[in-house]
Every structure is written in structure tokens, then in C-alpha cells.
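Report on the following structure.
The values are calculated or read from the model by the stated rules, or taken from the named source; none is laboratory data. If you're wondering where the values come from, they're calculated on a predicted model, not measured in any experiment. Neighbour counts are summed over all protein chains in view; Cβ atoms, including those assigned to glycine, are modelled from backbone coordinates with ideal geometry. Only protein heavy atoms, including side chains, enter the accessible area calculation; ligands, DNA and RNA are left aside. Shrake-Rupley method; radii C 1.70, N 1.55, O 1.52, S 1.80 Å.
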Amino acid sequence: MKNWINRLRGGADNPAAPKPAAAAAEDDEQPGGIVAEIEATYYRWLTASAGYDAPADIETRILDQVRALARDPASAAGLVPRVPEVIPQLLRSLQDEASNADLARQVAQDVVLVAEVIREANSAYYRPMSPVKTVEAALMMLGQNGLRMLLARIAFRPIIKLQSTGFTRLAAPLVWSQSEKCALAASLMAPGLTAGAFEAYLAGLMQNLGLVVGFRLADGVCDAGKVPGSSEFGLQLLAEGRNLSAAIAQHWDFPQPVADAIAHAGDPGDENLAQALALGDRISKLRLLIDANVVDEDDDFVTAGLDNFQRRCLGKLSTVES
């Protein structure tokens with residue numbers, strides 16, 4: 001996977017500077033208090049069926065392993081699958097502004113990709129007037145930016161929803177659903193913050209990779225199918241997971257702003273792309289919690305935590321199918 005996204009958008013040499021994870025467990029300036037509560041509620045929901053009151057040494061051991069991998073991203077990257085080669089080829093074609101006919105020929109080489117493109121064009125998100133049946137018509141519906149986002153999502157799906165055992169196997173589909181929604185929400189937030197929509201989308205897809213690796217590590221430390229369920233541990237794992245994701249993104253030569261945004265998404269007042277990612281993350285987690293009947297549409301998390309545009313984005317996410 002190394003270099004393909006870098007070739008798409010261009011990268012820098014300086015590594016992303018991860019934020020201290022402990023800060024995520026503290027009440028920040030507003031809306032940090034609400035953000036921390038949403039994070040804790042999301043983690044409790046995610047681990048509800050398997051969370052247990054783990055001893056402090058177990059929690060520390062898991063977090064230390066995640067931190068160690070963040071310092072050794074090559075080893076961390078070896079724990080997840082590689083991206084299919086057809087995806088970077090198509091992304092390079094998009095960078096070169098290939099014609100729709102050229103793109104259609106490349107898409108047609110992969111039967112699975114054909115089905116994905118047509119399915120996307122017929123989704124509730126695009127709402128076509130009549131069913132889309134050909135690759136050419138689907139590409140017209142999606143546009144080049146829509147196709148780039150679809151290709152990125154196809155590339156990341158097997159990475160996040162990796163086949164595993166224990167708690168990771170149960171959690172990965174839920175984490176992937178949040179990743180998809182986060183990517184879309186972040187891309188919708190980005191223009192208003194003068195940030196790149198596609199970079200925000202990539203950051204949303206990528207930021208949970210470290211969390212999934214953390215769950216795999218927990219499966220090796222805890223009893224079968226169990227994971228520490230405390231909110232305090234959850235906040236630290238979510239933060240350390242983002243640091244690990246940023247380190248892997250750096251190792252894979254993602255565009256530097258993407259890696260930086262993942263590392264600093266929890267920092268108030270940071271770069272615009274980090275703000276877009278943080279907003280997308282919050283909105284997407286609320287969407288999952290509302291759909292799971294954990295919180296209500298009129299909960300303070302929504303009414304006090306989101307402005308009108310962000311609430312409209314929250315509603316838009318209800319059309320996203322995982």
C-alpha cells in the first residue's frame with residue numbers, strides 16, 4: 001500500500017506529531033465535555049456485550065502495546081491486509097483526469113468493482129430518478145469525486161473489517177460502519193472549514209485502523225471474547241488508537257495533512273482538516289448511537305452539541321448503508 005495515496009495527492013517528509021492520549025480522557029473546553037461524553041458512550045455501546053471490569057494491569061498492558069506499535073508502524077502495518085492493486089491504479093487515473101470511457105474500461109476489469117459502482121449509483125444517497133444499469137451511467141451519477149471516495153472505501157473495507165477472532169470479529173463491522181459515516185460526515189464538514197473534502201474522507205476511513213489493531217491486541221491479553229469495558233480505558237484506547245492510525249498513515253505515505261489530522265483530531269482549535277475530522281467523528285458516532293436507540297434525536301448530545309448544519313449532516317448519514 002506504501003506510496004499509492006502519496007502519489008495521488010502528494011505528501012511531505014515530516015512525520016505526524018501524535019498528541020498525548022491522556023488529554024482525550026479529560027474534560028476539554030466546550031464542546032470538549034460533550035465530546036468526551038459521546039466518546040465514552042460510544043465505547044460503552046461498542047463493548048456492551050463483551051466489556052468487563054478488567055484489572056488495571058490488563059488495561060495498562062493493552063495500552064502499552066498500542067503505544068509500542070505507534071513507535072514501530074512497520075510492524076503495525078504488517079498486522080492488517082494490503083489494499084487491492086486495482087484501487088491505486090484507478091486513483092492514479094483519476095488524478096490524471098482520465099475520461100469516463102477510460103475509467104469505465106478500467107472499472108470493467110473487476111467484476112466486484114462493477115457491482116460496487118452500480119450499487120453506489122443506485123443508493124439512497126444519490127437517489128437516481130430511474131435505476132442505473134451501466135458502468136458509464138453510474139460514473140456519470142457519481143462524478144470523479146464520488147468515484148474517488150467509493151474507491152477509497154472499497155480499499156479500506158477489508159482493512160478495517162479484517163477477518164479475526166474474539167471481540168475484534170464482533171466489533172469490526174460496527175467500527176467499519178462508523179468509519180464510513182465518519183468519512184462522509186468529515187467530507188461534508190470540510191468545505192466550510194476550507195479543508196479538502198477528499199483528504200477529510202481519507203482521514204475518516206483511516207482513523208479507526210489503530211482501534212481495530214488495539215482490539216486485536218486485547219483479544220490476545222483478555223479472556224476469550226472479552227475487552228476492558230470502563231469508560232476511562234475506552235477514552236484512552238480511542239485516543240491511542242488514533243495515534244497508531246496516524247503512525248501507520250505516515251508509514252504508508254499518506255498525504256501529510258491526513259496523517260496530521262488523524263493525530264490531532266481531538267485537539268481544540270487545531271488545523272482545519274483536523275476540525276473537519278473531529279466533527280465528522282462526533283456526528284457519525286451520534287448517528288450510530290441514535291440508530292441503536294442509545295440516545296434520542298433530541299438528546300443534549302445533539303441539540304447542544306451540534307449546530308443546524310451538523311444536524312442536517314446527521315440526518316444525511318441515515319441514508320448510508322454499510
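Scanning the stretch 210-223 for residues that are of a type outside the set (D, E, K, R) and open to solvent by 10 Å² or more (accessible area, probe 1.4 Å) yields L217, G220, V221, C222. Looking across T168, T194, one residue alone is closer than 30 Å to G220 by Cα, among the polar types (S, T, N, Q) and in contact (Cβ under 8 Å) with a residue 40 or more places away in the chain. It is T168. Inspect all residues belonging to the stretch 268-285 and state whether any of them is among the polar types (S, T, N, Q) and closer than 15 Å to Q178 by Cα. Checking the stretch 268-285: at least one residue is among the polar types (S, T, N, Q) and closer than 15 Å to Q178 by Cα. Residue check: S130 meets all listed conditions (1) over 23 Å from H251 (Cα atoms); (2) touching a helix residue (DSSP H, G or I) at 6+ places or on another chain (Cβ under 7 Å) but one, namely (2). If the condition is being open to solvent by less than 10 Å² (accessible area, probe 1.4 Å) and closer than 17 Å to E39 by Cα, then the stretch 246-264 contributes I262, A263.
Annotation note: Cβ proximity below 7 Å between a residue of the stretch 114-133 that is small (G, A, S) and a residue that is open to solvent by 60 Å² or more (accessible area, probe 1.4 Å) (sequence gap 6+ or interchain) occurs for A121/M141; S123/E321. Within the set K226, K285, the sole residue that is among the basic types (K, R) and either within 18 Å of R67 (Cβ to Cβ) or open to solvent by less than 20 Å² (accessible area, probe 1.4 Å) (or both) turns out to be K285.
Considered as a group, the residues in the stretch 296-322 that are open to solvent by less than 40 Å² (accessible area, probe 1.4 Å) and polar (S, T, N, Q) include one that is modelled with the lowest pLDDT, and that residue is T319. Among residues of the stretch 116-136 being assigned to a loop (DSSP other than H, G, I, E, B) and over 22 Å from R157 (Cα atoms), the one that is nearest to the chain's Cα centre (by Cα) is R127. Per the listing A218, A183, the residue uniquely under 14 Å from R157 (Cα atoms) and either assigned to a helix (DSSP H, G or I) or without any contact (Cβ under 8 Å) to a residue 60 or more places away in the chain (or both) is A183. Selection of the stretch 172-209 for residues being more than 22 Å from R119 (Cβ to Cβ) and crowded, with 22+ Cβ neighbours inside 10 Å yields A186, M189, A190, A195, E199, A200, A203, M206, Q207, N208, L209.
Scanning the stretch 174-219 for residues that are at pLDDT 95 or above and basic (K, R) yields a count of 1. In the stretch 137-173, the residue that is nearest to F254 (Cα to Cα) out of those that are touching a Phe, Trp or Tyr at 6+ places or on another chain (Cβ under 7 Å) and either outside any helix (DSSP H, G or I) or modelled with pLDDT under 90 (or both) is A152.
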